[in-house]
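Taking it in order: structure first as structure tokens, then the write-up.
The values are calculated or read from the model by the stated rules, or taken from the named source; none is laboratory data. What you see is a predicted model; the values in this text were computed from it and never measured. For neighbour counting, all protein chains shown are included, and Cβ atoms are generated from backbone atoms with ideal geometry for every residue, glycine included.
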Amino acid sequence: MIDVRDLCENPEIYRASQRARGAEPSVVDAIIAADSSRKSAITSFEALRAEQNAFGKKVAKAKGEEKAALLAEVKELAVAVKAAAAASDAAAAEQDVLVRSIPNLISEGVPEGGEDDFIVVKTVGTPREFPDFKPKDHLEIGELIGAIDMERGAKVSGSRFYFLKGVGARLEMALLQMAMDQAIEAGFTPMITPTLVLPETMAGTGFDVAHDAEIYRLAEDDLYLVGTSEVALAGYHGNEIINVQEPIRFAGWSSCYRREAGSHGKDTRGIIRVHQFNKVEMFVYTTVEKAAEEHQRLLAWEEEMLAKVELPYRVIDTAAGDLGMSASRKFDCEAWVPTQDAYRELTSTSNCTTFQARRLNTRERLVADDGGKGGTRAVATLNGTLATTRWIVAILEHHQNADGSVNVPVALRKYLGGMEVFPVL
């Protein structure tokens, strides 16, 4: 969540952030009003409690009729104190609802607008041309080389499910292992994370568990299936004070689940938009001051992986309205998909500043002026995709041959027993 004190002191930057997102700026004023009401209610409660305590001392010393009169006043005061406490709690609850409804403050320089208003930061490589044959799409290739079976996936589990088999299964495992090896070499701690989390963990990461149609929920257990290991990794240090003078970097390997609500009729062919996939996700805890620099590192690591699989791609600075709840800034890497004649997202990396940490109560200890223990403050969190199932789409299409076979990127060959080509069966 956002810093309420900062919002009250600098309301216009939050209003501007809301406008850039295409969201309602009036929520800023509602939060300021709610904060004022909360403070007023607390002041009234504390004044009445002080008066109640003073009356208690008077009653202890009084006798006879005076004591009886004071006791009557004490009863009335107790009712007033109880009412003031309820009003204070209600004001705090109202403010909390409003604060949890406002997305993170965007970073300076983030483009305004929605999904189509991104800025291209750079383009790397050249989309492949096919002068000698018409390229096949990833599903046709996947079927020819025995890598993807959508028909039986739908038979077993319904639409948007699939089987990866043979070289398809091997390719995904190779991708994820190469990503994990790279992460470990860069100093990340490998993690295999839970894919079911408590509602407070899901909400703490920035997801709206009550209204987000993307999330699978197990109602009987009140647990949620994650759409990324970011959720579990964000909750890992919840309600803790941690040392982030050196960034804490985790690389989470997990299956991920998304309902793909609202995508009816969109990307229905193949494995571009599916309900279940696997992913290696980078997650970092660091200081506020180091977060922007760490964000650039995450992007560089993503680009390093894309270079290893020899794909042309572009990096975009995502527009404010397409950031999501928690992100202050997000960069996507989009690879060229020949049969779609378009760039499609393969990775994203987000700087969530202190937004998630405030919700999950993850803090660092400050050093006092005298060198002793100081107070605490929220840490910054960041995340970034290092490899996922969707990469198979771009790899199969970009590296295909006329007969449907696929050349294996050099960096992946050692993970595939030296295999250089996925042959047609």
How many residues of the range 404-419 are loosely packed, with under 13 Cβ neighbours inside 10 Å and either among the small types (Gly, Ala, Ser) or in a loop (DSSP other than H, G, I, E, B) (or both)? The answer is 2
Tyr343 meets each of (1) on the phi > 0 side of the Ramachandran plot; (2) out of contact with any helix residue (DSSP H, G or I) (no Cβ under 8 Å at 6 or more places or on another chain); (3) of a type outside the set (D, E, K, R) with one exception, condition (1)
Within the range 16-47, residues part of a helix (DSSP H, G or I), under 18 Å from Thr353 (Cβ atoms) and not β-branched (Val, Ile, Thr) come out as Ala16, Ser17, Gln18, Ala20, Arg21
When you check Ile271 against the structure, is it surrounded by fewer than 23 Cβ atoms within 10 Å (Cβ to Cβ) and touching a strand residue (DSSP E or B) at 6+ places or on another chain (Cβ under 7 Å), yes or no?
no
Among Gly153, Gly146, Gly125, the single one that is in the same structural domain as Arg359 (by TED's automatic domain parsing), touching a strand residue (DSSP E or B) at 6+ places or on another chain (Cβ under 6 Å) and not hydrophobic (A, V, I, L, M, F, W, C) is Gly153
Restricting the range 310-329 to residues that are of a type in the set (Val, Ile, Thr) and not in a loop (DSSP other than H, G, I, E, B), the one farthest from Ser17 (Cα to Cα) turns out to be Val315
By my count, helices (runs of 4 or more DSSP H) wholly in the range 135-217 with at least 2 residues that are farther than 23 Å from Glu304 by Cβ and free of Cβ contacts under 8 Å to residues at least 40 places away in the same chain are 150-157, 199-205
Per the filter on the range 208-226, residues crowded, with 23+ Cβ neighbours inside 10 Å and not β-branched (Val, Ile, Thr) are Tyr224
Any hit, the range 368-376, residues being touching a residue at least 24 places away in the same chain (Cβ under 8 Å), part of a strand (DSSP E or B) and in contact with a strand residue (DSSP E or B) (Cβ under 6 Å, 6 or more places away or on another chain): yes
inquiry  = For the structure I just gave you, tell me whether Ser229 is in the same structural domain as Arg258 (by TED's automatic domain parsing), buried (at least 20 other Cβ atoms within 10 Å of the Cβ) and among the polar types (S, T, N, Q).
reply    = yes
